[in-house]
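The values are calculated or read from the model by the stated rules, or taken from the named source; none is laboratory data. Bear in mind the structure is a predicted one, so any value in this text is a computation, not a measurement. Using ideal geometry, Cβ is built from the backbone for each residue, glycine included, and neighbour counts are taken over all protein chains shown. For accessibility, only protein heavy atoms count, side chains too; no ligands or nucleic acids. Shrake-Rupley method; radii C 1.70, N 1.55, O 1.52, S 1.80 Å.
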Amino acid sequence: MYKHLTPGALPSSMQLSNDGRLRHFLTIEGLSPLLLEEILDRAEQFLSLPEKQQKKAPLLRGKTVMNLFFENSTRTRVTFEIAAQRLGADVTSLDIRTSSASKGETLLDTIRNLEAMNADMFVVRHEHAGAAHFIARYAAPHVSVLNAGDGRHAHPTQAMLDMFTIRKHKGEFPPLKVAIVGDILHSRVARSNIHALNTLSTGEVRVIAPKTLLPFDVEKMGVKVYTDMDEGLRDVDVVIMLRLQRERMGSALLPSEREFFRLYGLTEKRLELTKLDAIVMHPGPINRGIEIASSVADGPRSVILQQVTNGIAVRMAVMAMIMGSGGMA
Ligand code: NCD
């Protein structure tokens, strides 16, 4: 249905208003370092503000946020819900897989009906790349759209919460070496993180994966490619692990999970190759013993649960900035 909006051809400028402010949040591509830093700074304020005070500044009071999840999610959906509630919005979460879409209603008809219920913001997760852009293009003028993950294309709020977590632990980006490890091919998190890290002038962005799990033109995204994990991990400041996205794998791309763990699993031994103070990240859900050893996931260098907490502040920041841009006016 939205074939004309295949990734790569997605107009990133449509997410900005005429004065360059954020109106929708669909992709990191095309956004300036200044705008990304503004998101991080706003999130910092929200994180340091006690919850009681946050409730006194209900920037989204009287607004209705609708979470449209066409695909499974727990942490992303719930953190968006909490973020919108803390900003004073009314929040409804629809599990579209079990609703009218399964009765043959078109996406556009679903959107029109939800607009008729006075929706002001749609938070969209969809298995097809371009779905959030499609909705943003056809939504009513006062409605804003946030992409909560579209196919293997983009997951911009995840990238920003990852940038926030990195900045909190490591400070500035230019001196850093960051490795993203695992199923890069199917990962919207990897794509959005690569764009965000490069926009923020990160010293070196590496991807580590078997050839079968790398997009064919990945070097063009401004990364160093490693198929050997031990080489790729050497001296990095940050390791971002990814899940094997079995649900997106058409054919067998891997010998076995055990073999994958042997070659690409993050163990304590492998972690010794990184800088002494390197942090370990993962967007979740984690698969213990497949891409990451339990002792690493639960170990002192893991900031995986901090990422989840930071996700609330970052999502509040994005929603608040969209409010300030005249979106949802
Ligand atoms: C990621 C996603 O959905 O893209 N998870 C998330 O949003 N926390 C990564 C994944 O599913 O592996």
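Scanning region 279-311 for residues being within 23 Å of Ala43 (Cβ to Cβ) and either over 21 Å from the mean Cα position of the chain (by Cα) or of a type in the set (D, E, K, R) (or both) gives a total of 1. Taking region 133-168 as the range and being near the ligand (Cβ under 10 Å from one of its atoms) and hydrophobic (A, V, I, L, M, F, W, C) as the test, the residues that pass are Ala148, Ala154, Leu161.
There is no residue in region 242-256 that is buried (at least 17 other Cβ atoms within 10 Å of the Cβ), out of contact with any strand residue (DSSP E or B) (no Cβ under 9 Å at 6 or more places or on another chain) and within 26 Å of Pro174 (Cβ to Cβ). Total residues in region 171-221 satisfying the condition of being assigned to a loop (DSSP other than H, G, I, E, B) and away from the ligand (no atom under 16 Å from the Cβ): the figure is 14. Number of residues in region 222-235 that are under 20 Å from Val280 (Cβ atoms) and not in a loop (DSSP other than H, G, I, E, B) equals 7. Of the residues contained in region 92-103, one or more are found to be open to solvent by 40 Å² or more (accessible area, probe 1.4 Å), more than 16 Å from the ligand (Cβ to nearest atom), under 21 Å from Ala131 (Cα atoms) and at pLDDT 85 or above. Here Glu81 passes the criteria (1) in contact with a helix residue (DSSP H, G or I) (Cβ under 8 Å, 6 or more places away or on another chain); (2) under 22 Å from Leu305 (Cα atoms) except the one numbered (1). Against the criterion of being open to solvent by 10 Å² or more (accessible area, probe 1.4 Å) and more than 25 Å from Val280 (Cα to Cα), Ala119 does not qualify. Residue-level check: of (1) within 16 Å of the ligand (Cβ to nearest atom); (2) of a type in the set (Ser, Thr, Tyr); (3) under 26 Å from Gly30 (Cα atoms), Tyr264 misses just (3).
For region 297-308, the candidate set comprises residues that are out of contact with any Leu (no Cβ under 8 Å at 6 or more places or on another chain) and part of a helix (DSSP H, G or I); within that set, the residue that is most open to solvent (accessible area, probe 1.4 Å) is Leu305.
Assess whether Ser302 counts as being without any contact (Cβ under 8 Å) to a residue 40 or more places away in the chain and either in contact with a Ser or Thr (Cβ under 8 Å, 6 or more places away or on another chain) or farther than 30 Å from Val123 by Cβ (or both). Before the answer, list the steps.
Values: without any contact (Cβ under 8 Å) to a residue 40 or more places away in the chain: yes; either in contact with a Ser or Thr (Cβ under 8 Å, 6 or more places away or on another chain) or farther than 30 Å from Val123 by Cβ (or both): no.
So Ser302 does not fit the description; no.
Taking the criterion of being open to solvent by 30 Å² or more (accessible area, probe 1.4 Å) and within 17 Å of Ala154 (Cα to Cα), the residues of region 200-241 that qualify are Asp217, Lys220, Met221, Gly222. Of everything listed in (1) over 24 Å from Gly265 (Cα atoms); (2) open to solvent by 10 Å² or more (accessible area, probe 1.4 Å); (3) touching a helix residue (DSSP H, G or I) at 6+ places or on another chain (Cβ under 7 Å), the single unmet condition for His128 is (3). Do we have any residue at all in region 141-156 that's out of contact with any His (no Cβ under 8 Å at 6 or more places or on another chain) and of a type in the set (Ser, Thr, Tyr)? Looking through region 141-156, none of the residues is out of contact with any His (no Cβ under 8 Å at 6 or more places or on another chain) and of a type in the set (Ser, Thr, Tyr).
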